[in-house]
Amino acid sequence: MRTITLEEHFATPGFFEGPGRELKNRAEKVGGRYANLIARLCDLGAKRLAEMDAAGIDMQVLSLTAPGVEQLAAAEAAALAREANDYVADAVKNHPSRFAAFAAVPTPAPEQAAAELERRVRSGFKGAAVNGHNRGRYLDDTFYWPLLECAHALDVPLYLHPTPPPAAVLDAYYGGFAPLLTEMLAGGGWGWHIETAVHVIRLIAGGVFDRFPKLQIVIGHMGEGLPFMFQRLDIIPAAVTGLQRQFKDYLRDNVHYTFSGFNFPPAFLDLLLELGGVDRIMFSADHPYQSMPAARAFLEQIPVSAAAKERIAHGNAEKLLNL
Ligand code: MN
């Protein structure tokens with residue numbers, strides 16, 4: 001069975017001089033697993049391919065690792081996005097059957113972001129990855145709509161990846177604990193996912209999908225908690241939302257969902273039941289933060305037909321990304 005993973009990360013040396021500086025500092029202080037993580041993020045060659053082979057992963061769709069360029073000023077974001085896209089384009093060119101890529105785009109400058117997306121898609125990129133809010137502003141803000149309009153026109157998806165919440169939210173929600181507990185609650189233990197779910201809700205509530213009805217967003221982590229809330233959101237009447245359809249309609253027609261290390265059967269079943277089928281569910285591992293072999297083993301176990309498993313493993317991605 002062919003396997004394509006969609007939330008797989010890389011970084012460039014330049015990233016570690018900018019938004020990745022903190023990780024680099026930790027690596028210099030602590031070494032060990034942080035240094036190893038940096039090496040694995042920057043490697044788009046033999047070592048990564050060997051890990052993929054060992055795990056049974058045929059193709060990775062790559063994206064610049066979080067926090068991406070989204071917390072930078074416009075000029076820095078544009079420069080780093082260009083550098084990252086050049087870096088990953090080389091890897092795709094060298095290994096076209098093993099790698100594809102989502103572009104980094106300078107979201108703080110939406111017109112430029114749209115231009116970068118268009119240029120990269122014309123050279124083979126499959127869409128863009130956006131790492132959440134942009135210094136506290138979300139993509140439902142019409143300021144960003146040139147980027148959304150461009151993705152819509154090019155018929156490519158935006159992969160919406162988690163990031164920590166804005167500082168005021170982080171303090172109010174997760175402050176008051178030991179620093180590491182605050183950090184992990186605001187991050188991978190909870191906050192990243194709630195943050196991303198809220199971002200998707202904002203896109204819907206802001207009328208993005210009424211304006212761009214074919215736009216497709218991809219989110220990871222088995223739906224970032226949203227499947228549990230599909231039904232509940234629809235207690236908000238149309239007279240209040242002003243939207244053409246109900247929340248769950250957009251969640252079923254404008255969003256795709258990947259695993260990204262959520263190898264949890266109840267979460268998978270909830271997503272499957274809320275979507276009513278596998279057409280929008282896609283495999284991913286979240287390499288190098290999560291284990292490719294564990295993701296691959298989970299894919300084997302999910303309780304769906306062989307044909308449905310093929311859709312999740314590769315068929316849906318091939319269709320959405322034209323692979
Ligand atoms: Mn990730």
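The values are calculated or read from the model by the stated rules, or taken from the named source; none is laboratory data. Remember, predicted model here, so these are calculated numbers, not experimental data. As a convention, Cβ positions derive from the backbone with ideal geometry for all residues, glycine included, and neighbour counts pool all protein chains shown. To get the accessible areas, we keep the full protein, side chains included, count just its heavy atoms, and leave off ligands, DNA and RNA. Shrake-Rupley method; radii C 1.70, N 1.55, O 1.52, S 1.80 Å.
Every residue in the range 272-300 that is under 25 Å from Asp43 (Cα atoms) and outside any helix (DSSP H, G or I), please. The answer is Met282, Phe283, Ser284, Ala285, Asp286, His287, Pro288, Tyr289, Gln290, Ser291. Residues in the range 1-57 that are aromatic (Phe, Trp, Tyr) and away from the ligand (no atom under 16 Å from the Cβ): Phe16, Tyr34.
Condition check for Thr142 on (1) of a type in the set (Ser, Thr, Tyr); (2) within 16 Å of the ligand (Cβ to nearest atom); (3) more than 17 Å from Arg280 (Cβ to Cβ): one failure, at (2).
State yes or no: is Leu170 in contact (Cβ under 8 Å) with a residue 60 or more places away in the chain, open to solvent by less than 70 Å² (accessible area, probe 1.4 Å) and either of a type outside the set (Phe, Trp, Tyr) or within 16 Å of the ligand (Cβ to nearest atom) (or both)? Against the criterion (in contact (Cβ under 8 Å) with a residue 60 or more places away in the chain, open to solvent by less than 70 Å² (accessible area, probe 1.4 Å) and either of a type outside the set (Phe, Trp, Tyr) or within 16 Å of the ligand (Cβ to nearest atom) (or both)), Leu170 does not qualify. Test Gln231 against the stated conditions and say whether it is polar (S, T, N, Q) and open to solvent by less than 50 Å² (accessible area, probe 1.4 Å). So Gln231 fails the test. Inspection of the range 286-301 finds no residue satisfying the criterion of being more than 16 Å from the ligand (Cβ to nearest atom) and farther than 30 Å from Arg33 by Cα.
Checked against (1) closer than 23 Å to Thr258 by Cβ; (2) assigned to a helix (DSSP H, G or I), Pro213 passes all but condition (2).
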